[in-house]
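Working notes, structure below.
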Amino acid sequence: MTTTSSSTSSVSSLVSGLVSGFDPTTLVTQLMTVEAQPQTNLKTKLTTENSTISTLQSLNTQVAALATQAKALATSSGWGNLSVSSSSSNVAASATTGTVAGTYNFSVDQTAQAHKLAFATSAAGTDTVVSGSSVTLTVNGVAKSISTGTGTLDSLVSALNATGTGVSASKLKLDDGSYRLNVTANATGAAAAFTLTNADGSDLLGGANVTQGRDAAITIGGDTIHSASNTFTGVVPGATFTVSSAAVGSTVDLTVARDTSTTTAAVKSLVDNVNTLLAKIDSLTAYDTSTKAAGALSGDASVSALRDSLLDAVYPGDGTSLSSIGIQTDRDGKLVFDSDAFTAAYNADPAAVQAKFTASTTGTTGFADRIQKIAAGASDTYTGTLTSTITNHQTTARRLTDDIADWDVRLAAKKTSLTTLYTNLATTLSNLNSQSTWLSSQIDSLSSSSS
């Protein structure tokens, strides 16, 4: 009986140990980690794809910006940079597209002036000064009726200052406390001249002292030219200049010259941005031998082809080079720009230098034109090679996303199955433990009786 009791106790201990060491939740979690490994691998691939897409999109934006910049120098309009200098500090001038280089001489006869009325009779703000309920404002021969409400001086000022009247009214306070009405045209020039009367045509406030509006006037050659404002546009082809009252009676020289510094800076900026793009491509496609890590776009044929094309753009394709105008390549695969050489070449023959950058009617292409076509060919929204590469990666990312979602369903079903299985097993072990405990107690009871 002792042996039987010992054996039963051992079985009971074994079952109890199984029950106490069995955790269905932990076991299912560990098994699901193994089951989810294929999905985990897919998630890693998706992260890589999304990172690649982001990198390509950033690169594409930079390439598109280069295409836009190059386009400006690929047409003749991008080479019309001229500057304008004035011999007088009282005349400010600027150049616009189409300006013809040369020196232009003119005299300033008068500046523009706004038409103004200062009325003879003063009044208090609350005094009725209008005969009837409206006044007639006539501008450049066109009469307009303006309602003045109560007809007081204050209401008249408010009515004249309303939007669309073309004039501004103010009250000037005099020593005796009354106010004199002043009305001024909002615009300068003779065409803005106006009259202001009662509705019946009679004088308002005893009539007005008139400061006549006038145009600004200059004399160039034998011609007198007018402007409603103090700014003259188009008199000198493509140039705009503004005269001040201090310039009246003086003679002014405007000198229009080729702005070589601006053009040189534009070309330098283009070369610098090509180099910046080349450096970025190099960093994205390089292989680090020390870390054994490849760049984010290593092995991407479209990116490598773009780099080669950008560097080759420095060669016209007719056996010549651009070294004569200061552009060439170095042994590191970058462009080098010599500002002094470019400036000297441009000053010596502007048309010849421009031709090396722009597209001609004969079909030949210049440096900027080649860069523009290469960059646009890569970044075009619909047909660009980089755009196509991005689209392919986005397709892959969508497929991976769908696969991951499918695995979510599959894993959920697997987890339910395992949870049910091991929960049932835990229940069975618990029942066995209870039975073992009962059986042990029964055997122990029998042993006690036999003793």
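The values are calculated or read from the model by the stated rules, or taken from the named source; none is laboratory data. What you are looking at is a predicted structure, and each value in this text was computed from that prediction instead of being measured. As a convention, Cβ positions derive from the backbone with ideal geometry for all residues, glycine included, and neighbour counts pool all protein chains shown. Keep in mind that these areas ignore ligands, DNA and RNA; they rest on the heavy atoms of the full protein, side chains included. Shrake-Rupley method; radii C 1.70, N 1.55, O 1.52, S 1.80 Å.
Things worth noting here:
- The share of C-alpha pairs in the range 203-294 whose separation exceeds 17 Å stands at 73 percent.
- Contact order for the range 289-354, expressed relative to its length and based on alpha carbon pairs under 8 Å spaced 6+ residues apart, stands at 19 percent.
- Rounded accessible area per residue of the chain, 1.4 Å, Å²: 52 Å²
- Carbon and sulfur %, accessible surface of the range 149-258 computed with the full protein complex present, 1.4 Å: 49 percent
- Mean projection area, nm², convex hull over Cα of the range 124-262: 12.8 nm²
- Fully extended contour minus Cα-Cα distance, from Thr96 to Ser245, at 0.36 nm per residue: 51.2 nm
- With a threshold of 23 Å on the Cα-Cα distance, the over-threshold entries among Lys45/Lys334; Lys43/Lys414; Lys280/Lys356; Lys144/Lys173; Lys268/Lys334; Lys292/Lys334 are Lys45/Lys334; Lys280/Lys356; Lys144/Lys173; Lys292/Lys334.
- Heavy-atom accessible area order for Ile390, Ile374, largest first, 1.4 Å probe: Ile374, Ile390
- Chymotrypsin sites (Phe, Trp or Tyr not before Pro) within the range 373-450, DSSP loop, no more than 13 other Cβ atoms inside 10 Å: Tyr382
- Relative to its Kirkwood radius, the Cα radius of gyration of the range 345-399 gives an Rg/Rh of 1.31.
- Cα gyration tensor shape of the range 122-187, rounded if a/c is under 1.5, else prolate or oblate by comparing a/b with b/c: oblate
- Computed [θ] at 222 nm, helices only, for the chain once each DSSP H run of length n ≥ 4 contributes -39500 (n - 2.57): -16000 deg cm²/dmol
- Convex hull of alpha carbon positions in the range 42-93: directionally averaged projected area 6.4 nm².
- Structural descriptor for the range 174-229: relative contact order 33 percent, calculated from alpha carbon pairs under 8 angstrom and at least 6 residues apart.
- Within the straight-line cut-off of under 17 Å between alpha carbons, the lysines reachable from Lys116 are Lys171, sequence neighbours fewer than 8 places apart in one chain being disregarded.
- Values [x] 22, 47, 25, 6, 0; [y] 24, 51, 23, 2; [z] 16, 21, 20, 20, 12, 7, 3, 0 are given for comparison; P(r) over Cα pairs in 20 Å bins from 0, in percent, derived from the coordinates here, is the one labelled [z].
- Candidate aspartates and glutamates - alpha carbon under 16 Å from Lys373, same-chain residues fewer than 8 apart omitted: Asp308, Asp312
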